[in-house]
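What follows is a short report on a single structure.
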Amino acid sequence: MGSNIDAITTIFTEFYYWLTVALMFLIHVGFCMYEVGASRRRNHMHTLLKNSMLIPLVTITFFFFGWWIYWAFPNGPFIYQGQGLILDMAAGNAPTSETMGTNLSDRITGVFWAAFLLFSWTAASIVSGSVIERINSGAFWILAVMIGSGAWIIDAAWGWHYDGWMVKMLGYHDAYASGVIHGIAGGFALGVLVVLGPRLGKFSSSGKARDILPHNPWLVCIGLFLIYTGFWGFYVACNVPLIAPDGIGGEITGETWTATTIYLTPTTLGAITVNFLMSLSGGMLMGYFVSKGNAFWTYSGGLAGIITASAGNDLYHPIQAMVIGAVGTYLAYKLHYWVENKFKIDDAVGAVAVHGYAGFIGLVICGFVLWGHPSSPYAGYAAINPLGQLVGAIIMFGVLGFLPGWIGALVLHKFGLLRIPKEVELMGLDFATDREEAAAAEEVRDALKQIAVSK
Amino acid sequence: MSTTGITTWAVDLADVGAVYPFQGWEFIMLIVGLVFWIWWHVTTFRSELAQHDHKVTTYGGAKLSEALDSND
């Protein structure tokens with residue numbers, strides 16, 4: 001921080017990311033409320049803890065290796081012109097680096113790490129909701145580390161990094177993570193669900209799907225509201241708040257400072273604020289319409305709307321954002337029930353649809369709407385195009401999402417570790433806890449009787 | 001002597017970098033962290049599976065099997 005303006009810029013940036021982290025925490029609060037509300041009474045505490053414990057596990061593993069992957073893997077390795085790991089960039093972000101501890105010469109690495117970490121939690125938490133009430137918590141936590149500190153951060157290095165090979169070669173553009181968070185997490189969840197199977201009683205012997213109602217629809221809706229709130233932090237964290245052209249070092253001329261996306265392409269906080277709200281609105285309106293006023297799908301539609309438009313919300317016109325949000329929500333809703341009935345997939349909270357299908361669709365739409373726009377301020381990068389976005393969507397949802405989820409679940413299944421015993425599923429995961437409470441109540445009643453007798 | 005390497009603040013902050021204690025021991029601290037992480041997975045997974053076995057053994061009687069068999 002050589003001058004006062006440098007100091008103000010640095011400390012503003014530090015505070016900016018810190019604030020996004022605090023806001024994004026609400027995403028996780030929302031996910032927990034949503035999952036517990038969707039689960040049945042006999043599974044509440046296990047459902048809550050299954051999700052909550054991904055926080056420490058993904059945090060420590062993201063510190064141990066996840067963050068290093070982001071800086072080391074932008075070339076693949078060996079996908080972009082045969083180039084390997086970028087070890088010099090990664091060195092400053094390794095768990096043994098001096099810049100990862102309290103360091104007066106580096107105020108940004110820590111908050112930037114934390115903002116990415118909150119994305120990691122989100123990716124794992126999306127998977128958590130879809131597998132409730134029948135997965136072993138221990139198995140889920142291994143899968144959570146796989147996506148939270150492995151798969152998603154590889155995809156971020158590839159397609160959500162100013163130097164990523166997907167940006168350079170495909171013109172991949174995904175400003176607010178339609179694919180890099182939502183697409184991959186939805187695909188991963190689907191991969192796990194294929195192996196895990198449905199909850200007992202979800203499908204009748206004739207194969208007809210039953211609607212297992214949330215025990216507390218109100219809690220589910222409040223949870224989704226909180227996810228909306230946290231999503232503001234998510235959006236803002238995807239930007240670089242303030243940077244000078246010489247800080248970018250690309251082809252931009254002049255001296256006008258700007259906010260940028262993660263690709264260092266210019267945008268404004270105002271634009272993404274309007275587009276966030278318009279895509280949310282398009283999604284909610286369509287969600288209400290297509291589900292005939294179902295509260296769960298109306299709120300989920302709002303999320304699906306944002307997620308569909310997120311890939312290009314740095315540039316869309318607000319009405320485009322609204323329409324794209326509505327289209328994505330309609331398709332995600334229809335796909336959810338088609339997949340459920342056709343393949344007997346029990347996605348308990350619709351996560352694959354709201355995050356996975358909407359994210360995939362959003363990437364493809366973005367390729368058409370932003371066709372020809374530069375994906376980067378640097379020379380030599382492919383421009384945004386439909387084919388690049390389609391290939392990118394397949395990589396996010398399929399290659400880095402579905403495939404690792406399916407393989408991970410298959411390995412756990414082979415060792416008999418994936419799913420809880422059917423007897424326990426029927427009794428409920430909290431069954432023992434309930435009995436302890438009943439036993440404690442009986443003890444109190446006995447004590448009261450003794451007091452009454454002694455009188 | 002100081003564990004942080006800082007013994008006075010009579011310095012130019014532009015020359016100060018890391019100030020956490022035990023600098024140079026980062027690799028050892030990483031090993032400790034990795035061992036704790038792996039240990040946690042193994043021990044909690046074992047405990048969870050044992051709890052399931054206990055529930056099935058204690059409460060998984062004939063009526064439960066009957067209910068599972070008639071699940072349609």
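Read-outs throughout are calculated quantities, based only on the coordinates presented, and are distinct from any laboratory measurement. Remember, predicted model here, so these are calculated numbers, not experimental data. Positions of Cβ are generated from backbone atoms using ideal geometry, with glycine treated the same way; all protein chains shown enter the neighbour counts.
Points to keep in mind about this one:
- Relative contact order, percent, region A:265-382 [alpha-carbon distance under 8 Å, six or more residues apart]: 28
- Cα centroid separation, region A:363-414 to region A:230-306 (Å): 18
- Label point distance in nm, A:Leu49-A:Glu14, each placed 7 Å from Cα along Cα→Cβ: 3.9
- Shape call, the protein assembly as shown: gyration tensor on alpha carbons, a/c limit 1.5: oblate
- Scanning chain B for chymotrypsin sites (Phe, Trp or Tyr not before Pro) lying in DSSP loops with no more than 13 further Cβ atoms inside 10 Å, the longest uninterrupted stretch between such sites is B:26-72.
- Selection among A:Asn4, A:Val58, A:Ser97 by position relative to the dipole of region A:1-143 gives A:Val58 as farthest towards the positive end (Cβ unit charges, Cα centre).
- Spin-label model, A:His413/A:Phe78: points 7 Å from Cα along the beta carbon direction are separated by 3.0 nm.
- Shape analysis of region A:42-158 places it in the oblate category; the axes a ≥ b ≥ c from the Cα gyration tensor give an a/c of at least 1.5, with a/b not above b/c.
- About the Cα centre, charge dipole magnitude for region A:1-96 (Lys/Arg +1, Asp/Glu -1 at Cβ), debye: 720
- Whole-Hz ³J(HN,Hα) from phi, Karplus 6.51 cos²θ - 1.76 cosθ + 1.60, for region A:199-215, glycine and proline x: 5, 4, x, 5, 10, 6, 4, 7, x, 6, 6, 9, 8, 7, 6, x, 5
- Amide hydrogen neighbours beyond the local backbone of A:Ile384, cut-off 5 Å, H modeled: A:Gly372, A:His373, A:Ser375
- For chain A, a crude dipole built from +1 on the beta carbon of Lys and Arg and -1 on the beta carbon of Asp and Glu, taken about the Cα centre, is about 1720 debye to the nearest 20.
- Helix-only arithmetic for chain A: the sum of -39500 (n - 2.57) across DSSP H runs with n ≥ 4, divided by the residue total, places the mean residue ellipticity at 222 nm at -19000 deg cm²/dmol.
- Each of B:Val35, B:Ala50, B:Leu68 was placed along the dipole of region B:25-69 (beta-carbon charges, centred on the mean Cα), and the one lying farthest toward the positive end is B:Ala50.
- Distance between the pseudo-spin-label points of B:Ser2 and A:Glu443 (7 Å out from Cα toward the beta carbon): 5.2 nm.
- Ranked by how many other Cβ atoms sit within 10 Å of their own Cβ, fewest first, the residues A:Arg42, A:Arg210 fall in the order A:Arg210, A:Arg42.
- Averaged over peptide B:45-51, the number of partner chain Cβ atoms lying within 10 Å of each residue's Cβ comes to 4.
- Projecting the Cα atoms of A:Met24, A:Ala309, A:Ser291 onto the charge dipole of chain A (Cβ charges, centred on the Cα centre) puts A:Ser291 farthest toward the positive pole.
- Counts of other chain beta carbons within 10 angstrom of each beta carbon in peptide B:8-20 average 3.
- Peptide A:89-96 has a mean shielding of 2, counted as Cβ atoms of other protein chains within 10 Å of each residue's Cβ.
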